[in-house]
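For reference, the structure discussed in these notes is given below.
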Amino acid sequence: MSNLLRFVFCVSILLISIVGNIKAQSAFQYIKSGDKYVLEGDYFNALDAYYNAWIQDSLSPLTCYKYAEALRLCNSYEMAIQAYDNVLQTDTRSQFKAAKFYKAIMLKYEGNYVECKSELQDFISSYKISDSLRARALFEMESVSWALDHLKDSSKVKLEHLPDQINTGSSEFGVFIIQDSLVHFSRIEDWLQKVEKKIVYKPKSYHIKNNQQVIPNKDLPGSLDSSLTHYANYSYDPRFKILYFTACENINVSQLRCKIKFSKWVNNSWSEPEFLSDNLNTDSYTYTQPAIAFDTKDHPAIYISSDMKGGKGGMDIWRVMLSKDMEVTSMENVQGRVNTMYNEITPFVDQGGNNLYFSSDGHSGYGGYDVYKISFSSLNNRKLPQNVGLPINSSRNDVYYFMQRDSTKGYFSSNRAGSVFIKGEGCCNDLYVWTQNTKLINLDSIRTTLTYVTSTKDTITKTKNSSVLEEKLPITVYFHNDIPNPKTIVDTTFTNYKDLYEAYSEMKYTYLRYFQNDVKKKEEVSTFFSNKVDEGFYKLMMFISKLKTELENGKSFVLGIQAYCSPLAQSDYNNHLANRRIASVVNYINHYQNGALQKYIKGQQLKLEFVPYGESKAPSFVNDDIKQVVKSIYDPSAAAERRVSIIYIKAQ
């Protein structure tokens, strides 16, 4: 079982009071008690017992070693370094050769790479042993040398530790997003187990509102389950409206055995959860952390982490193919050099289906688990995965990497220094958010590459040289009333449509409140946000991803973009508003994947033609009475008119 499953799901790391009342027991009795706890996977009570033994007999190498090991297993890195030093000082017969190795690893986790390398060199040269520990030491020597060579490597992201309302002294992990664009995550919490009257730990899911308010999920599968089953690792496939997650049972206090379940979104609710078929979810192995396989288009598929037979060692990343009836049709260990003899966990695939992200302690990196990236096109040519670098990775454990649809923002979980701990330095995982360090470009700065056309047709017929991209059109995205830059008559904006979409999607519940007593209208609102607002942005993201690929292949295109407004303001005002909405979409295109398309726009390999319509195309049934705010702003028929569409693409 991987270290991650130990430290993510064991929240009570370190002691509330290790200097408590020491009972009149011998050191031998305390060690015997500690050994029993270790067998049960209860490292924290083991630490308490070994500490008490050490207090009574601090000169015993055995006592010192067991105490040091318990500190390591509880992620108390700094104290473990001191404890291993005690072992090395008292162990005159070199009974505990591993102490020097584990001291070196603790130094690595503390970011002391120079001293770590020195200790590893000493261990390798001093102990002529030939076993798995020596092999690991040679690997760690290579890894720490890599870290020293890459201390200046830094990805162009801004990192933020989420506030205390979100991050607590417990472990937060596993960000996921469903249709409503709200950020969801899981947190380990203590539960009173009523039968045996004892505290147990299991995850609970939440969502974040307004970037700081944390609200328990009540409608997700497993969210209200009162059993000891752990429900976590949620992952949503918007194409098939399927939610995957894990249901895990304790093997012992710190180890879990997980199986994968799924639920479908049907008639505005989640279907009864079902396990994936038995050929995947056997009782002998663990199957966890499902991630949507966006590189597979025609039928459901997921990537998982598992220790099942046939892997390369430890936890591996596997690709699981599913039929439309949700039967497992095949399972394969991911090709190439992703998996190692150690552990690969928490897979994630970007929604363009281009890259696989995962965490591993088996590739050269900065810490325990680092985040890595590899393109699917590189799997067959045996390329090594790429370490995503600092500051996303640290000298500790960085896991559960997640990226939002447009690739400019994401989350991960880490127990790095600075995370919130109740009981010790390396106890628990917190959520961190990263954003691309980019500046939005004003529409005027690329004005020379833009052309306004005056066609009044709603759609333009396909060209003779029809592109595969044309089959995806039209693509339409939606806006809240008078957004962006309300109550102005400017024609441009610095706002990226991605930000407008995220804010608009969160307004779903505001819209619903205006129709509390109208069941039919509430269904229309929910359908509008899921099938129009959310689906529109998803299609835009996928279209731009495919467009980027075509441009990289040397093709040239002209995009036709058309804007509409609801008829609540005067037509001249709406023309300005239409221009601003087009500008926000252009900003999204211009800054997609950190500005990947800018060179094509500036070089006129990609040209944009705009057709701002204002109110002139709004249907007559749409309410334009400013006094009837509900109907003119919040009614789906009015909201559907506040849109921008990509209506054609032409080859140049």
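Here the Kirkwood formula, the inverse mean of 1/r across different C-alpha pairs, assigns the range 38-89 a hydrodynamic radius of 10.6 Å. Rounded to the nearest Hz, the phi-derived 3J(HN,Hα) couplings of the range 156-172 under the Karplus curve 6.51 cos²θ - 1.76 cosθ + 1.60 (θ = phi - 60°) are 7, 10, 9, 10, 9, 7, 4, x, 5, 5, 9, 8, 10, x, 8, 9, 10, where x marks glycine and proline.
In the range 343-410, inverting the average of 1/r over every pair of distinct C-alpha atoms gives 12.1 Å as the Kirkwood radius. How much FRET efficiency would the formula 1/(1 + (r/R0)^6) give for LEU133 and GLN82, where r is the Cβ-Cβ distance and R0 is 25 Å, rounded to 0.05? Calculated transfer efficiency: 0.70. For the pairs LYS508/LYS539; LYS521/LYS650; LYS264/LYS650; LYS209/LYS539, note any where the Cα-Cα span goes beyond 30 Å. Violating the 30 Å Cα-Cα cut-off are LYS521/LYS650; LYS264/LYS650.
Here is the size of the range 511-559 from its Cα atoms: Rg then Dmax, 17.6, 55 Å. Normalised by the number of residues in the range 298-400, the average gap of Cα pairs under 8 Å and 6 or more apart makes the relative contact order 21 percent. In straight-distance terms, cross-link reach from LYS472 covers every one of the aspartates and glutamates whose alpha-carbon lies under 20 Å from its own, apart from those fewer than eight places away in the same chain; here that gives ASP237, ASP295, ASP298, ASP350, ASP406, ASP458, ASP534, GLU535, GLU550, GLU552, GLU609.
How large a share of the accessible area of the range 198-266, in percent, is made up of carbon and sulfur atoms when the probe is 1.4 Å and the other protein chains stay in place? Here it works out to 49 percent. Residues in the range 303-310 carry Karplus couplings, in order, of 9, 9, 10, 7, 9, 4, 4, x Hz; the curve used is 6.51 cos²θ - 1.76 cosθ + 1.60 with θ = phi - 60°, and Gly or Pro positions show x. Using the Stokes-Einstein relation with a Kirkwood hydrodynamic radius computed over Cα pairs, the translational diffusion coefficient of the range 546-609 at 4 °C and a viscosity of 1.567 mPa s comes to 99 µm²/s. Taking a straight line from the alpha carbon of LYS631, these aspartates and glutamates sit under 19 Å away, with near neighbours fewer than eight places off in the same chain left out: ASP482, ASP518, GLU523, GLU524, GLU615, GLU641.
For a straight C-alpha distance cut-off of 19 angstrom, the aspartates and glutamates reachable from LYS218 (same-chain residues fewer than eight places away being disregarded) are GLU172, ASP180, GLU189, ASP190, GLU272, GLU274, GLU506. Report, in listed order, any pair from LYS32/LYS97; LYS32/LYS259; LYS522/LYS607 with a Cα-Cα distance greater than 30 Å. Pairs exceeding 30 Å: LYS32/LYS259; LYS522/LYS607. Modelled this way, with points 7 Å down the Cα-to-C-beta line, the labels at SER323 and ASN380 are 2.7 nm from one another.
For the range 130-179, the C-alpha radius of gyration sits at 1.88 times the compact-globule guess of 2.2 N^0.38 Å, with N the residue count.
The values are calculated or read from the model by the stated rules, or taken from the named source; none is laboratory data. Quantities reported herein were computed from a predicted structural model and do not represent experimental measurements. Methodologically, a virtual Cβ is constructed for each residue, glycine included, from the backbone with ideal geometry; neighbour enumeration extends over all protein chains shown. Ligands, DNA and RNA are stripped out before the accessible areas are found, and what is left, the full protein with its side chains, is counted by its heavy atoms. Shrake-Rupley method; radii C 1.70, N 1.55, O 1.52, S 1.80 Å.
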